1. Please name all residue pairs, on different chains or six or more residues apart, with Cβ atoms under 9 Å, provided the first residue is in region 16-29 and is without any contact (Cβ under 8 Å) to a residue 12 or more places away in the chain and the second residue is part of a helix (DSSP H, G or I) and surrounded by fewer than 11 Cβ atoms within 10 Å (Cβ to Cβ).
2. Of everything in region 56-98 that's part of a strand (DSSP E or B) and either under 19 Å from the mean Cα position of the chain (by Cα) or of a type in the set (F, W, Y) (or both), which residue is modelled with the highest pLDDT?
3. With respect to G53, is the statement that it is over 30 Å from N17 (Cβ atoms), within 21 Å of the chain's Cα centre (by Cα) and either at pLDDT below 90 or surrounded by fewer than 13 Cβ atoms within 10 Å (Cβ to Cβ) (or both) true?
Amino acid sequence: MRAVTDRPRVGDRRVINGMVYKIRTGISWRDLPERYGPWQTVYTRFRRYALDGMFTRALQQIQAHADAAGDIDWLVHRSWPGSATRVRPASTRVGDDQPGSAIRHLGSTSLRRRPAEGLLQRRSSRT
């Protein structure tokens with residue numbers, strides 16, 4: 001139930017844009033630009049919507065519409081023997097739910113820094 005005040009209600013679109021801005025930028029609630037309304041209002045509605053399950057319902061509706069339009073290809077994947085079968089969008093990477101997969105991804109050659117060969121040669125020639 002909303003408290004009765006003399007102030008007009010901040011528009012839903014403005015507040016939701018503030019939520020999206022906060023999530024995308026990672027700023028604190030207090031640093032939210034004024035164009036989205038008072039940060040307390042944006043935070044209060046975000047918390048209320050999250051506790052109410054509004055975000056989950058919205059995601060389910062968006063997925064249902066995309067699925068009906070044929071925009072989502074669902075893939076049935078069995079992670080490893082004895083695990084439950086999972087249904088997930090085909091765009092997710094297979095194996096991400098296996099133990100140690102995050103470590104494997106962090107250790108991939110694209111993320112590792114390689115020493116510059118010229119620096120190693122110079123050091124060895126000095127000694």
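The values are calculated or read from the model by the stated rules, or taken from the named source; none is laboratory data. On a predicted model such as this, the values are computed, not experimentally measured, just so you know. Reconstructed Cβ throughout: ideal geometry from the backbone, glycine too, with neighbour counts over all protein chains shown.
1. T25/D31
2. In the first step, residues of region 56-98 are kept if they are part of a strand (DSSP E or B); the result is 74-78, 85-89.
Checking which are either under 19 Å from the mean Cα position of the chain (by Cα) or of a type in the set (F, W, Y) (or both) leaves us with 74, 88-89.
Numbers: W74: 75, R88: 59, P89: 60.
Checked region 56-98; the qualifying residue modelled with the highest pLDDT is W74.
3. Numbers: over 30 Å from N17 (Cβ atoms): no; within 21 Å of the chain's Cα centre (by Cα): yes; either at pLDDT below 90 or surrounded by fewer than 13 Cβ atoms within 10 Å (Cβ to Cβ) (or both): yes.
Against the criterion (over 30 Å from N17 (Cβ atoms), within 21 Å of the chain's Cα centre (by Cα) and either at pLDDT below 90 or surrounded by fewer than 13 Cβ atoms within 10 Å (Cβ to Cβ) (or both)), G53 does not qualify.
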